[in-house]
Amino acid sequence: MSGGEQEGARGGGRNPSSTTLAVDPHHPVSAPRVRTAPRSYGSRRGAGPRPCILLLLVVLVTLAGVAEGQQKRDETLQSEQKKLQQTQKRLKEEREKAAAARARETSLLAELEQIEQRLGEKQAEVGRLAARIKRTQADIATLRGEIMRLEGQRGGQEEALARRLRVMYRVHAQGGALPLILSGDDPVTRAMAVRHLASLAVLDARLIREYRGTSDRLADRKGREEGRQQELAALHAEAQTEQAEVDREAAKRRTLLARVRDERAYHERMVGELTEASRRLEAFISELQARQRRLAKVPPPKGGIEPPGVGFGNLRGRLPWPAEGRIVVPFGAQVHPRFGTRTFRNGVDIEAAEGTDVTTVYAGHVIYTGWFKGYGNLIIVDHGSDYYTLYAHIAEIEVKEGEDVRQGQRIGTVGDTASLAGPRLYFEVRYQGKPQDPAEWLRQRG
């Protein structure tokens, strides 16, 4: 090898680029050198990017994991939010159901009041229908009497017309009326015959008119009777429908009262509501007292001081009874024999037949009439000197607020409105708003 070649070889080892450019590619020795240089260059350049790629892959994998984790967390959050929304929706629905149930759940006294009001309305309608039926039946009876009279009258008219027809037939069989007129030579006789025949014609015409008039009136009465009969049938059908409604409402009332009587839960609810009704009545009486004092411009009396024995206050033990009957529930504390519940009665129950007269025990001034929850139809009478009497469970109230009443005056009838035990009169005596034992005020019976 020449010195130039050696130098070139050494130079090639130091600088491959210059060697590649200088060497003939077809030279047998330089060809390996040409191949070697790119492999050496390529190996050095390829070793540089591998850590970057790995780092990039690690970053991408990490980011993918982070993204996947974030996605899972988002999905979990959405799922939890959805569950929360569903829970809130169910909670709202349950609250709405509970509110609807509370709205539907009315008090026993309110339910009893609604039933009794519907029952009273239906009974009143039945009463009105019964009155209409009675009037219609009276009209039918009157029409039948007229029909019988007209039929008898028409029968007499038919007999009179039949007689006239028989006479006319005989006259016609003899040649008619003209030969009779012309048979005599006396003009006076002929004139009398003509007048007689004219009178008969007038009589016949009147008989025919009367017969037709009677027939027309008879047809009219029969038509009116038929119309009344149809009206009566319709009234009977309507009355039966209303009576069926009465029976249904009465059955509802019996069912409710049976539950109050036989089931502890219903009984205790009713006791609580009646106690509250008693408190409301006391507050109401206090308001009435205050109003009465304002109207009379009288200052309120000192509590517990009873006026001297005058008027109502002078009749303790001598008042007449407000209704014929006997006391079945006394004044004062009561213990239920079955459930043991304790109540306090501010008045007495007087058992009496439904419709029995209710009368005032002393003269006074009616200050309230109407329905009061827990007491039904109620009447309150002011007797002066802060004495009041109360009459409850009334069927028919027959006085008005503001009316003055005398002792023994009928003010209503015994009923069972808001009563839990059938027809009876609830009676109270109050002084300065405080309940008194009525048995101590009513006269003793032998």
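So the values come out like this:
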| quantity | calculated |
| --- | --- |
| Arg253, sole failed condition from (1) closer than 11 Å to Leu420 by Cβ; (2) of a type in the set (D, E, K, R); (3) open to solvent by 70 Å² or more (accessible area, probe 1.4 Å) | (3) |
| Conditions (1) closer than 19 Å to Ala290 by Cα; (2) of a type outside the set (Lys, Arg); (3) part of a loop (DSSP other than H, G, I, E, B): number failed by Thr369 | (3) |
| Flag for Val414 being open to solvent by less than 50 Å² (accessible area, probe 1.4 Å) and farther than 25 Å from Val328 by Cβ | no |
| Cβ-Cβ under 7 Å pairs, at least 6 apart or on other chains, the range 211-229 side touching a residue at least 60 places away in the same chain (Cβ under 8 Å) and in a helix (DSSP H, G or I), far side open to solvent by less than 40 Å² (accessible area, probe 1.4 Å) and acidic (Asp, Glu) | none |
| Breaking point among (1) assigned to a loop (DSSP other than H, G, I, E, B); (2) aromatic (Phe, Trp, Tyr); (3) closer than 18 Å to Glu282 by Cα, for Phe339 | (3) |
| Members of the range 326-370 that are more than 16 Å from Trp441 (Cα to Cα), in contact with a Leu (Cβ under 9 Å, 6 or more places away or on another chain), open to solvent by less than 50 Å² (accessible area, probe 1.4 Å) and not polar (S, T, N, Q) | Ala352, Val358, Ile367, Tyr368, Gly370 |
| Residue in the range 430-439 that is surrounded by the fewest Cβ atoms within 10 Å (Cβ to Cβ), counting only those that are of a type in the set (D, E, K, R) and modelled with pLDDT of 95 or more | Asp437 |
| Residues of the range 120-147 satisfying the condition of being among the basic types (Lys, Arg) and open to solvent by less than 80 Å² (accessible area, probe 1.4 Å) | Lys122 |
| Yes/no for Gly422 being closer than 29 Å to Val271 by Cα, open to solvent by 10 Å² or more (accessible area, probe 1.4 Å), at pLDDT below 95 and touching a Ser or Thr at 6+ places or on another chain (Cβ under 7 Å) | no |
| Where a residue in the range 254-278 is within 19 Å of Phe344 (Cα to Cα) and at pLDDT 90 or above and its partner, wherever it lies, is open to solvent by 30 Å² or more (accessible area, probe 1.4 Å) and among the charged types (D, E, K, R), with Cβ under 7 Å and at least six apart | Ala277/Lys373 |
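Conditions tested, residue by residue: (1) assigned to a strand (DSSP E or B); (2) under 21 Å from Ile115 (Cβ atoms); (3) open to solvent by 10 Å² or more (accessible area, probe 1.4 Å); (4) in contact (Cβ under 8 Å) with a residue 24 or more places away in the chain.
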position	(1), (2), (3), (4)
Asn377	yes, yes, yes, yes
Ile380	yes, no, no, yes
His383	yes, no, yes, yes
Ala395	yes, yes, yes, yes
Gly402	no, no, yes, yes
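The values are calculated or read from the model by the stated rules, or taken from the named source; none is laboratory data. Predicted, not measured: the structure shown is a model, and the values here were computed from it. Note: ideal-geometry Cβ built from the backbone for every residue, glycine included; neighbour counts use all protein chains shown. The protein model used for the area step is the full one, side chains on, heavy atoms only, and it has no ligands, DNA or RNA in it. Shrake-Rupley method; radii C 1.70, N 1.55, O 1.52, S 1.80 Å.
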